[in-house]
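**Q** The structure that follows is given in the form of structure tokens.
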Amino acid sequence: MRFSLDEYFVVELARAVGDAEVTFHGFASPCATVAMHVAKRSHAPSALLIEGAMYAVNPYPDFIPPTSNDHALKQGAVYSMRFEEAFDMSVRGEVDNMFLSGVQIDRYGNTNVTAIGGMPTPKVKMGGGGGGCNISATIERLTLWTTNHRPGRCLVDKCDFITDIGHRTPEGTRAELGYPGSGPQILITELGVFDFPDGEARLRKLFPDVAVDTVKESTGFDFPIASDLGVVEAPSRRQIELVRQVDPLGVRRREFRPADLQRSFHL
Amino acid sequence: MGVHLGADKQTDLETAAGLVQPGSMVALGGGLSARLPMALVRQLIRDGIGDLHVVGSAHSIDVDLLVAAGSISVCEESYVGYEQDHGLAPAFRRAAQEGSIEVRESCCDTVLTQLRAAEMGLPFLPVHGVKGTGIESLHPEYRRVTCPFTGQIFVAVPPLAPDVALIHAPLGDRSGNLHLEQPYVLDERFATASAMVIATVDRIASTDEVQAAGIVIPFYRVAAIAEVPFGAHPSSCYPGYAYDRNHIGEWVESAATPSGAEDYLSRYVTGTDEAGYRSLLGAQRLERLGSYTESTAAWMEMFT
């Protein structure tokens, strides 16, 4: 069975969803949206899913639309939260896992989705952070992802602007800032997976067609490499089928460059 | 925070939009691609209104059109864009980069907290995060406070009391009772925290019918209500219609250049009224947006 990088990537994201946990994704997050439903339909049937911009609890959508504030995403939901309920639950510390991406991500897992070149004079103004600026402080685990791990791009020495909190800002560590959540635990890119054992990114796994040197060339900071550096575990046939079932429109693919969509693997 | 009595507040779109003063702080209802107050946005542009300070959570074409028309001076939304659907908001991005608008980017939860402070009549409330982020630096009005009980330092935010909230709903009555489908996003909070709500609805119905559907925003928050079919177009207003993905695509493509944005505005906004807007789109196209209920395949078709 052949499968493509986007399917592989989403399955690895899905592994971040624990069973019997509360998990949340924001808007503009196709890969995370698909991953949450793949997890719920496989290894995490008891997970409590909170759907991005619909605030729908445990929906079972027939497909994922390319915009997240759409009723298609609340099909089959047992309950629809109010906006207030979802945010209160997040900042109170009742959400175990949240998926978060960034146009820039630094070694501490801080993310910038506000502006390349910083504010108030941005070189490129991006959309903005939604609710991440508060809930990145309190959610127990942040699962970061990017599909733009290329030289001079996402993984930078220093974010031009910190929208969402990682493990440490220039003002101090999470503990010093008084933030209760544990911060980013993993960062999944189209090249591999980092963890944050001491609050700093460490290369933990590679996709099988990627060399360590490629990761080094594509990363704007030096990083340690785990002594047991491994390969991202291949998805099962069932997981691949689930990705296709959850996302028949292929919205996950919108996050990838055409060249990466050509990367293909065999099971 | 305004109470608006009166049994009949139904008026036309032009009169309703005319209640918004230049320089106002305006809360935009709905969010992203859903239930945006687009007819009101278009009317404000026709009126040539300027110097608005818009506040809200995650928005898209509503803010983008207002920016393109030069109506906004301060943007205090948490996000403006089209997700991975159509990407960055071209007019908003251009104006932010040129410095022709001030982007006071906020966070959904901060906006919520500030609205709650206004609703509760409190001078401030603390938020959990923000401290140490770039967002804090964009808001000189925020302060740091020490919790008198634990000694912990929080960012304190002042109340946010918009002059007006623009809200579109599928159903309402003449007195201003509004029924919305979830998610309500911040609309309930906007309704209480703002001095007045100006509403458009796809259809005016009897109070009995709105009550049966469920009143989400009560009449006494609403200063004026106008019936504008497809008043949220090109965003969705379920259960009536899904969003018009191709039309949003047409805007994003046009707005890639300032002259393209102007062409769009003169064709769809300033050169016509709402009836003309619907004619330009065509009955068939608008009807199709309601056909999502026919089958999953029909619904998926909306997104291709």
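**Q** Only one residue in A:Phe27, A:Phe63 is within 21 Å of B:Glu83 (Cα to Cα), in contact with a Leu (Cβ under 7 Å, 6 or more places away or on another chain) and surrounded by fewer than 21 Cβ atoms within 10 Å (Cβ to Cβ). Which one?
**A** So the residue among A:Phe27, A:Phe63 that is within 21 Å of B:Glu83 (Cα to Cα), in contact with a Leu (Cβ under 7 Å, 6 or more places away or on another chain) and surrounded by fewer than 21 Cβ atoms within 10 Å (Cβ to Cβ) is A:Phe63.
**Q** Go through the range A:68-91 and report how many residues are touching a residue at least 24 places away in the same chain (Cβ under 8 Å) and at the interface with another protein chain (Cβ under 7 Å from one of its Cβ atoms).
**A** Step one: of the range A:68-91, the residues touching a residue at least 24 places away in the same chain (Cβ under 8 Å) are A:68-69, A:73, A:77, A:80-83, A:85-87, A:89-91.
Adding the requirement that they be at the interface with another protein chain (Cβ under 7 Å from one of its Cβ atoms) leaves A:68-69, A:80, A:82-83, A:87, A:91.
Residues flagged as touching a residue at least 24 places away in the same chain (Cβ under 8 Å) and at the interface with another protein chain (Cβ under 7 Å from one of its Cβ atoms) within the range A:68-91 amount to 7.
**Q** Being within 29 Å of B:Glu83 (Cβ to Cβ) and either surrounded by fewer than 17 Cβ atoms within 10 Å (Cβ to Cβ) or in contact with a Leu (Cβ under 6 Å, 6 or more places away or on another chain) (or both) narrows it down to one residue among A:Phe265, A:Phe194, A:Phe223; which is it?
**A** Values: A:Phe265 fails: either surrounded by fewer than 17 Cβ atoms within 10 Å (Cβ to Cβ) or in contact with a Leu (Cβ under 6 Å, 6 or more places away or on another chain) (or both); A:Phe223 fails: within 29 Å of B:Glu83 (Cβ to Cβ).
Checking each option against the conditions leaves just A:Phe194.
**Q** Among the residues of the range A:101-137, write down those that are surrounded by 24 or more Cβ atoms within 10 Å (Cβ to Cβ), among the small types (Gly, Ala, Ser) and more than 8 Å from chain B (Cβ to nearest Cβ).
**A** If the condition is that a residue be surrounded by 24 or more Cβ atoms within 10 Å (Cβ to Cβ), among the small types (Gly, Ala, Ser) and more than 8 Å from chain B (Cβ to nearest Cβ), then A:Ser101, A:Gly102, A:Gly109 are the ones that fit.
**Q** Say whether the condition of being farther than 14 Å from A:Leu191 by Cβ, more than 14 Å from chain B (Cβ to nearest Cβ), β-branched (Val, Ile, Thr) and touching a strand residue (DSSP E or B) at 6+ places or on another chain (Cβ under 6 Å) is met by at least one residue in the range A:229-242.
**A** Yes.
**Q** Which residues, taken from the range B:219-232, are in contact with a strand residue (DSSP E or B) (Cβ under 8 Å, 6 or more places away or on another chain) and not in a strand (DSSP E or B)?
**A** Within the range B:219-232, B:Arg221, B:Val228, B:Pro229, B:Phe230, B:Gly231, B:Ala232 qualify.
**Q** Something else now. For the range B:80-195, which fully contained strands (runs of 3 or more DSSP E) count at least 3 residues that are over 30 Å from A:Tyr179 (Cα atoms)?
**A** Details: elements: B:125-127, B:143-146, B:153-157, B:164-172.
Where strands (runs of 3 or more DSSP E) fall fully within the range B:80-195 and carry at least 3 residues being over 30 Å from A:Tyr179 (Cα atoms), they are B:164-172.
**Q** Another question, if that's okay. Could you check the range B:197-218 and list, in sequence order, the residues that are surrounded by fewer than 23 Cβ atoms within 10 Å (Cβ to Cβ) and outside any loop (DSSP other than H, G, I, E, B)?
**A** B:Asp202, B:Arg203, B:Ile204, B:Thr207, B:Asp208, B:Glu209, B:Gln211, B:Ala212, B:Ala213
**Q** Of the numbered conditions (1) away from every other protein chain (no Cβ under 11 Å); (2) buried (at least 24 other Cβ atoms within 10 Å of the Cβ); (3) within 15 Å of the chain's Cα centre (by Cα), B:Glu77 fails exactly one; give the number of that condition.
**A** So B:Glu77 meets the others, but not (1).
**Q** Let me ask something additional. Restricting the range B:190-218 to residues that are of a type in the set (Ser, Thr, Tyr) and in contact with a strand residue (DSSP E or B) (Cβ under 8 Å, 6 or more places away or on another chain), which is nearest to B:Arg288 (Cα to Cα)?
**A** B:Thr200
Read the figures in this text as sums done on the coordinates, not as results from a lab. For clarity, every value in this text was computed on a predicted model and none was experimentally measured. Using ideal geometry, Cβ is built from the backbone for each residue, glycine included, and neighbour counts are taken over all protein chains shown.
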